[in-house]
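Structure first, commentary second.
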């Protein structure tokens, strides 16, 4: 039985797939890497490099390259694999691994950015991005626990909801509304305290920015928001 890894991401310089591709496929001969790339528009600057790696190591029959994947087909592409590989060298929240988990896939990812905070430990196997054999060992660990993974159970787990996101966003907006509206002079005084030279430079930049803003966007052209009284 072949074990397939799915990889959906834009092929850019922050993704370390080209660095671990050869290591992974040499260690596990029965491991097919399905490269589902370019979901965020275009092929990306790493497309040529990935093609070169595939040609150099004669991996044409084991590495499948796709172009941009429409959002409507993301699920069908993900469920074609058994695990999801995220080899990012830098990352923020990484919604890609969240999408993979919602499709019932076990995730193997580099331990970068906020990735460790996105999924619980039983849904993701993390590894340091350097050296490359860290990811190889992480994939080996994921393969060993793959038989115990129930995709349907993983899919049904409620980790995030729009209701929870809306409540958190409301808290942020409430805090912003309680902040005092400082005048330009008050803001300049705060920038001035940043340093003997840096403070003066920041003040000059802010003054120029303010003048350009008032020149390009007069008050008469700004639609004023109506006052709304909130009842809690």
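Read-outs throughout are calculated quantities, based only on the coordinates presented, and are distinct from any laboratory measurement. Because the structure is a prediction, the values reported are computed rather than measured. Every residue, glycine among them, receives a Cβ derived from its backbone with ideal geometry; neighbour counts consider all protein chains shown.
Miscellaneous remarks
- For the peptides 145-155, 105-115, 166-176, residues were scored by their other Cβ atoms within 10 Å and the scores averaged per peptide; the highest-first order is 105-115, 145-155, 166-176.
- Pair residue 190, residue 160: separation of 7 Å Cα→Cβ label points (nm): 3.0 nm
- For the pair residue 72 and residue 146 in one chain, pulling the backbone fully straight at 0.36 nm per residue adds 24.0 nm over the alpha carbon distance.
- Histogram of C-alpha separations across the range 56-133, 10 Å bin width, %: 17, 44, 34, 5
- Sites residue 55 and residue 130 - FRET efficiency at Förster radius 35 Å, r taken between beta-carbons, to 0.05: 0.85
- Distance histogram in 10 Å bins (all Cα pairs of the range 97-232, percent per bin): 9, 21, 18, 17, 21, 13, 1
- Pairwise label distance in nanometres, residue 114 with residue 198, each label 7 Å out on the Cα-Cβ vector: 2.5 nm
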